[in-house]
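*Asks:* Attaching a single structure in structure tokens format; questions to follow.
The values are calculated or read from the model by the stated rules, or taken from the named source; none is laboratory data. Since this is a predicted model, take the numbers as computed values, not measurements. Ideal geometry is used to build each Cβ from the backbone, glycine not excepted, and the neighbour counts take in all protein chains shown.
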Amino acid sequence: MIPNFKLNPENPISKKLIELGIIDFDSACEYVKTIPIGRNTSRNNFTLIFDENKGTCSTKHALLNQIAEENNQNDIELMFGIYLISPETHPLLTNLFKEKGLINLPESHCFLRYNGKRYDFTSQNNLLNLIESKIVREQKIEPNQVGEWKEKIHQDYLMRWLKRKPELTISLEEIWKIREECQQLLNY
């Protein structure tokens, strides 16, 4: 389990949480899980979660990782993973994948890792239960990398994936659009 620790009011994000009545990391994780899923107006500013009352897997986990870092809990890592999303992992996508002639496609997900174990605080439903066996790449990132950098790495992976799939006569722009359709269907 991820260690619980008291939040230090001398740290800016911890102070904001303490003002909301959240005094330790476990409570911060529970708070983040209850925030609705939705894209913030800036993917690069994870503190918008407070003002906009929404966040993605990226901004939510970047916020939690920043809380851990500012409280000297450096063993809690922010991870960027790519997994193969499919009707198997998300049955709601069955018709879309059938219509587009796809079996799966690489999607990204951010989460925390501690002592080699993955933790997901995106919502009350632990997405890792569905996707963990489908993760094909993961790497440690910094909170400031959840915006443009993460998107660039994801698109780079998609380009290389498309090159390994010559039977798919589809461009990066088209696959990115399909990915966005998946996000809309799943209310991400």
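*Asks:* Looking at segment 110-128, is at least one residue in a loop (DSSP other than H, G, I, E, B), more than 25 Å from Pro36 (Cα to Cα) and touching a strand residue (DSSP E or B) at 6+ places or on another chain (Cβ under 6 Å)?
*Replies:* Among the residues of segment 110-128, not one is in a loop (DSSP other than H, G, I, E, B), more than 25 Å from Pro36 (Cα to Cα) and touching a strand residue (DSSP E or B) at 6+ places or on another chain (Cβ under 6 Å), which makes the answer no.
*Asks:* Follow-up. I'm checking my understanding of the structure. Among residues of segment 25-66 that are of a type in the set (Ser, Thr, Tyr), surrounded by fewer than 21 Cβ atoms within 10 Å (Cβ to Cβ) and not in a helix (DSSP H, G or I), which one is modelled with the lowest pLDDT?
*Replies:* Here the answer is Ser42.
*Asks:* Name every residue in segment 97-126 that is out of contact with any helix residue (DSSP H, G or I) (no Cβ under 6 Å at 6 or more places or on another chain) and of a type in the set (A, V, I, L, M), in order of residue number.
*Replies:* Those that are out of contact with any helix residue (DSSP H, G or I) (no Cβ under 6 Å at 6 or more places or on another chain) and of a type in the set (A, V, I, L, M): Leu102, Ile103, Leu105.
*Asks:* Tell me yes or no: at least one residue of segment 93-101 is of a type in the set (Asp, Glu), over 15 Å from Phe46 (Cβ atoms) and out of contact with any strand residue (DSSP E or B) (no Cβ under 8 Å at 6 or more places or on another chain).
*Replies:* yes
*Asks:* Which of the residues spanning segment 90-112 are crowded, with 19+ Cβ neighbours inside 10 Å and without any contact (Cβ under 8 Å) to a residue 60 or more places away in the chain?
*Replies:* Phe97, Pro106, Ser108, His109, Cys110, Phe111
*Asks:* Given the structure, is Glu69 among the acidic types (Asp, Glu) and not in a loop (DSSP other than H, G, I, E, B)? Let's see the steps before the verdict.
*Replies:* On the way: among the acidic types (Asp, Glu): yes; not in a loop (DSSP other than H, G, I, E, B): yes.
When the stated conditions are applied, Glu69 passes them.
*Asks:* Another question, then. Suppose we keep only residues that are surrounded by fewer than 17 Cβ atoms within 10 Å (Cβ to Cβ) and in contact (Cβ under 8 Å) with a residue 40 or more places away in the chain within segment 139-153. Which one would you say is nearest to Lys100 (Cα to Cα)?
*Replies:* Residue satisfying both the conditions and the ranking: Glu151.
*Asks:* Based on this model, can you work out whether Trp161 counts as buried (at least 17 other Cβ atoms within 10 Å of the Cβ), more than 15 Å from the chain's Cα centre (by Cα) and touching a residue at least 12 places away in the same chain (Cβ under 8 Å)? Walk me through how you get there before you give the answer.
*Replies:* Working: buried (at least 17 other Cβ atoms within 10 Å of the Cβ): yes; more than 15 Å from the chain's Cα centre (by Cα): yes; touching a residue at least 12 places away in the same chain (Cβ under 8 Å): yes.
When the stated conditions are applied, Trp161 passes them.
*Asks:* Within segment 118-138, restricting attention to residues that are without any contact (Cβ under 8 Å) to a residue 12 or more places away in the chain and more than 30 Å from Glu173 (Cβ to Cβ), which residue is surrounded by the most Cβ atoms within 10 Å (Cβ to Cβ)?
*Replies:* The residue in question is Asn126.
*Asks:* Something else: Considering only segment 1-24, state which residues are touching a Leu at 6+ places or on another chain (Cβ under 7 Å) and either in a strand (DSSP E or B) or charged (D, E, K, R) (or both).
*Replies:* Passing the criteria: only Asp24.
*Asks:* Condition first: among the β-branched types (Val, Ile, Thr) and in contact with a helix residue (DSSP H, G or I) (Cβ under 8 Å, 6 or more places away or on another chain). Now tell me which residues in segment 1-22 satisfy that.
*Replies:* Passing the criteria: Ile2, Ile13, Ile22.
*Asks:* Right, here's the next one. Limited to segment 47-91, what total is found for residues that are closer than 20 Å to Glu107 by Cβ and hydrophobic (A, V, I, L, M, F, W, C)?
*Replies:* Residues meeting the conditions: 8.
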